[in-house]
1. Going by what's in this entry, would L116 be described as among the hydrophobic types (A, V, I, L, M, F, W, C), modelled with pLDDT of 95 or more, buried (at least 16 other Cβ atoms within 10 Å of the Cβ) and within 16 Å of the ligand (Cβ to nearest atom)?
2. Give the residue that is surrounded by the fewest Cβ atoms within 10 Å (Cβ to Cβ), with candidates limited to residues of region 34-55 that are at pLDDT below 90 and more than 18 Å from V143 (Cα to Cα).
3. Can you tell me how many residues in region 180-223 are assigned to a strand (DSSP E or B), over 16 Å from the mean Cα position of the chain (by Cα) and at pLDDT 95 or above?
4. Where the second residue is more than 8 Å from the ligand (Cβ to nearest atom) and the first is among the acidic types (D, E) and lies in region 93-113, which pairs have Cβ atoms under 6 Å and are six or more apart or on separate chains?
5. What about L51, is it without any contact (Cβ under 8 Å) to a residue 40 or more places away in the chain and either among the β-branched types (V, I, T) or more than 16 Å from the ligand (Cβ to nearest atom) (or both)?
6. Can you pull out the residues in region 99-140 that are out of contact with any Leu (no Cβ under 7 Å at 6 or more places or on another chain), among the charged types (D, E, K, R) and closer than 28 Å to V169 by Cα?
7. Condition check: surrounded by 13 or more Cβ atoms within 10 Å (Cβ to Cβ), under 17 Å from D187 (Cβ atoms), modelled with pLDDT of 95 or more and within 16 Å of the ligand (Cβ to nearest atom). Does V104 satisfy that?
8. Over 19 Å from T190 (Cα atoms), surrounded by 12 or more Cβ atoms within 10 Å (Cβ to Cβ) and either of a type in the set (S, T, N, Q) or at pLDDT 95 or above (or both) - does that describe any residue in region 279-289?
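The values are calculated or read from the model by the stated rules, or taken from the named source; none is laboratory data. Please read all numbers here as calculations on a predicted model, not as lab measurements. So basically every Cβ, Gly included, is an ideal-geometry build from the backbone, and we count neighbours across all protein chains shown.
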Amino acid sequence: MATDTRRPVGQLCGRVLLRGSIRCLTGLHIGARNDDPAVGGIDEAVLRDPLTLRPYIPGSALRGKLRSLSEQAEGREPNRESGGVHIHLCTRPPACVVCRLFGVPSQLETARPARLIVRDVYLSEDSAQRLAALRTDLPFTEVRVEAAVDRRSAAVTSREIELVPASAVFSEMELVVNVYEDQDLTDFGTLVRALALLEDDYLGGGGSRGAGSVRCEQLAVIPRSVASYGQPPAGSPLQLEAANVRELLERSDEVLAFLREQIPVPETETTADTAPSESAASDEEQPSL
Ligand SMILES: [Zn+2]
């Protein structure tokens, strides 16, 4: 059993940035949880940037949705609770693609840092100005009244849900995949697929009642090798552009070749996925097979 690798397993080779914008096709409601101190326990309010009061999409909300959709697409049943949400975590090596991208906490033997970073996405300046000019119900948002009928008493109760209006655009979205091995480059394709799944699903709350339909547009895949960080920035960064997720999916072979060309990944003897027992190469974790 060969345990020596040609380079340290934890050596960062580069990063892949996926940038773009998120357009709301229907109203978007990303609410704050009651335990979020920023909103004082209001149930149906949207989350806002405390400085500008503009609504935004927290990276955690987008990330959680992408994880959930990836778990479903991979057929991974939730088996752990984390922060009040049930998620899937591989408890034995090898880690699946979901766990590789989204990470596994340190107490499990499959522990690994998440490859994926999802940043907060803010309302575009253009949309903010347009919504401000429209004088919506609340700053930048509209309030929809939804009626609910109690089946026992037949009483009708109404509640108000705050929505970012349809056609608003959030930019710029930035998803970052840290690249340690070639598999991280192929896993980038799984991330793009998660965005495609998101477009046929919904983001935020009220999705089953029409809210949260979004499109990711004006996408750019930007590879950055570790070596490039020490050099003066190029005039125009090398990037691959796609109008939408569908186009990016159709060009997935081209995208992977582009990433492999731009982020050289020195060969390792093996990866955890192809030979589970080799993850013993990691100093701390000893898999119990
Ligand atoms: Zn897993």
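1. Taking the combined requirement at face value, the residue satisfies it.
2. For region 34-55, the residue satisfying everything is P37.
3. 3
4. Matching pairs, first to second residue: E109/E285; E109/P287.
5. Against the criterion (without any contact (Cβ under 8 Å) to a residue 40 or more places away in the chain and either among the β-branched types (V, I, T) or more than 16 Å from the ligand (Cβ to nearest atom) (or both)), L51 qualifies.
6. R119, D120, E125, D126, R130, R135, D137
7. no
8. Yes - at least one qualifying residue is present in region 279-289.
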